[in-house]
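The values are calculated or read from the model by the stated rules, or taken from the named source; none is laboratory data. Because the structure is a prediction, the values reported are computed rather than measured. Cβ placement follows ideal geometry from the backbone for every residue including glycine, while neighbour counts extend to all protein chains displayed. Areas reflect the complete protein model, heavy atoms only, side chains present, ligands, DNA and RNA absent. Shrake-Rupley method; radii C 1.70, N 1.55, O 1.52, S 1.80 Å.
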Amino acid sequence: MSGAPARTLLLWCPDWPVLAAEIVDGVPATDPVAVLHANRVVACSERARAEGVRRGLRRREAQGRCPQLTVVDHDPARDARAFEPVVAAVEEVVAGVEVIRPGACALAARGPSRYLGGEETAAERIVEHVAQTCAVESQVGIADGVFAAGLAARDGRIVPPGGTPEFLAGLPVEALGRPTLTDLLRRLGVRTLGDFAALPAGDVLARFGFDGALAHRLAAGRDHRPLAVRQPPADLTVTADHDEPIDRVDAAAFAARTLAEQLHERLAAHGLACTRLGIEAVTAHGQELHRVWRHDGLLTAAAIADRVRWQLDGWLSGSNGRGGARPARPTAGIIRLRLVPDGVLAQAGLQPGLWGETGEERERAHRALSRVQGILGPEAVVTAVLGGGRSPADQVRLVPWGDERLPARPGPPPLPAAEPPRPTEPARPTEPAVPAGVVRAGAVARSGRRGGAARSGGAAPVPPWPGRIPPPAPAVVLPTPLPAAVHDAAGEPVVVSARLAVSAAPARLTVGAGRPAEVVGWVGPWPVDERWWAPAEARRRARFQVCLADGAALLLAVEGGQWLVEAIYD
């Protein structure tokens, strides 16, 4: 995200959903046409705009302005299918095209401008070729970055190199395409992209969150990512057709070995190795079978053959699911077997471990777990990945064995270990005892707000997750929190006010319809006020750690006046 954005050429087809409806469904785009989604207009034809139809209007209001309006339902799949020939036509002139959305695609302007004799000549050549090949009208904009090039394409404009911030500065904040953020900025007196870009990056992050910080970068002419160009891939798939249907495991194993060697040789010829393998089979009755195998190392020819053999064994024998359940066996033998390398990388991309290859013990365990996946499915074997979040349930993500172990939410390294709450007198966390990332009682933790929030002006920082529960982590996190009731010594319900004041010390806890248990120690509250800027997604709650007389320790949360048991400590 550092450095100046690359010169980008963006081709835009106006009113593409309307044009796609004409291409696919034969709806005349020259008539008053409106494309609706959720009862609102998302696109309309030029003649409909002349009658007063605008994006965002409800169906009844649009038809009131234009009684002869033809209404078409929004279909993203139709838009994408109709746009594919346009992308193919662009690729006939230049290489490295990224589809932004149906109706818009972008590419780096440097190559076409040097090859075709300048940016203006390249833009004219691409527009003319698309018109001749696909009979589609289009406009091209060139600027520094995808966002600015998209806005320049609306006027068919070429922004000079280095002039993107000046070009964006005079545009209204509505150009960001974020209605909620735009409405808030207008009410705060920020009316142009230049006004928005002049705000300090740290203050924008604290006030508007990460989406606002991204919009701030775009308003300043800094893209958040480089182009992800579409490169026509080499055909690496291998297929074997069999005259005699394969219905025995030994015959399938022989076919798997031959096909695996062919795939490995084809990958090696391109300097590639397979990390994710798709296995497809077609039976004599036309039944199609498909399974994807993943691996966190390089799949050798023998490893590919093993996985194909295991999969065919599971299909043909329909054998032993857990608890006696048996997968449905195909109704006929296999006549076509196909191996698709879904994930490939250069062989230099993975290196052996410190003690050589992955290790005998690791490989043996991986083979066993992979076979279980072949029998029961990829989701049958999962591992936990720790990430960021404020609640224990948010910090763990289960991923199938062999998948990329990426956390669901970015976060800092795990907090240092700390002692659990002691079952003594009721206590509140004091300033020195609060670990990093946890706010004191009485201080509301707002999402994305923390003192000195990264005024780097560059990449968005890793979220600090204020309001996170201090360690140790609970041993059991309940998938569905249990309702509970907390009472004080006088038998009155314990209430937490909007200012985080606890009405009385918790004395008894009742979980569901169970018997009351005595509370001998408690600590909290840890308040969290998440996504307060989005009312539909806002969530405000406070957490407590309590110790019971029987030695149990629980994590409680109170939200909207309702107490819940979220987790259990060991």
Checked the stretch 259-272 for anything surrounded by 17 or more Cβ atoms within 10 Å (Cβ to Cβ) and either aromatic (Phe, Trp, Tyr) or under 21 Å from Arg371 (Cα atoms) (or both); matches are Leu259, Ala260, Leu263, His264
Top-ranked residue of the stretch 187-218 - restricted to ones that are part of a helix (DSSP H, G or I) and touching a strand residue (DSSP E or B) at 6+ places or on another chain (Cβ under 9 Å), ranked as modelled with the lowest pLDDT: Ala206
Within the stretch 511-537, can you find the residues that are of a type outside the set (D, E, K, R) and either touching a residue at least 60 places away in the same chain (Cβ under 8 Å) or touching a Phe, Trp or Tyr at 6+ places or on another chain (Cβ under 9 Å) (or both)? Val520, Gly521, Trp522, Val523, Gly524, Pro525, Trp526, Pro527, Val528, Trp532, Trp533, Ala534
Being out of contact with any Asp or Glu (no Cβ under 8 Å at 6 or more places or on another chain) and in contact (Cβ under 8 Å) with a residue 24 or more places away in the chain is the filter; apply it to the stretch 2-19 and report the residue that is most open to solvent (accessible area, probe 1.4 Å). Ser2
Restricting attention to the stretch 502-522, does a residue exist that is under 17 Å from Gly467 (Cβ atoms), of a type outside the set (Val, Ile, Thr) and surrounded by 15 or more Cβ atoms within 10 Å (Cβ to Cβ)? no
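Which of the following residues is modelled with pLDDT under 85, in a helix (DSSP H, G or I) and more than 33 Å from the chain's Cα centre (by Cα): Ala305, Ala251, Ala268?
Working: Ala305 fails: more than 33 Å from the chain's Cα centre (by Cα); Ala268 fails: more than 33 Å from the chain's Cα centre (by Cα).
Just a single option satisfies the conditions, and that option is Ala251.
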Selection from the stretch 511-537 of residues that are farther than 16 Å from Thr480 by Cα, among the aliphatic types (A, V, I, L, M) and outside any loop (DSSP other than H, G, I, E, B): Ala517, Val519, Val520, Val523, Val528
Sort out which residues of the stretch 95-125 are open to solvent by less than 50 Å² (accessible area, probe 1.4 Å) and touching a strand residue (DSSP E or B) at 6+ places or on another chain (Cβ under 6 Å), and write them in order of number. Gly96, Val97, Glu98, Ala104, Cys105, Ala106, Leu107, Ala109, Glu119, Ala123
Name the pairs whose Cβ atoms lie under 9 Å apart, with the first residue in the stretch 538-562 and over 17 Å from Leu482 (Cα atoms) and open to solvent by 50 Å² or more (accessible area, probe 1.4 Å), the second outside any loop (DSSP other than H, G, I, E, B) and small (Gly, Ala, Ser), and 6 or more positions between them or separate chains? Ala549/Ala517; Asp550/Ala517
Give the stretch 127-157 a look and list any residue that's more than 18 Å from Leu227 (Cα to Cα) and crowded, with 23+ Cβ neighbours inside 10 Å, or say none. Val130, Ser138
Across the stretch 20-36, which residue is most open to solvent (accessible area, probe 1.4 Å) among those that are free of Cβ contacts under 8 Å to residues at least 40 places away in the same chain and among the β-branched types (Val, Ile, Thr)? Thr30
Residue list for the stretch 23-47, filter: farther than 21 Å from Val99 by Cα and in a helix (DSSP H, G or I): Asp25, Glu46, Arg47
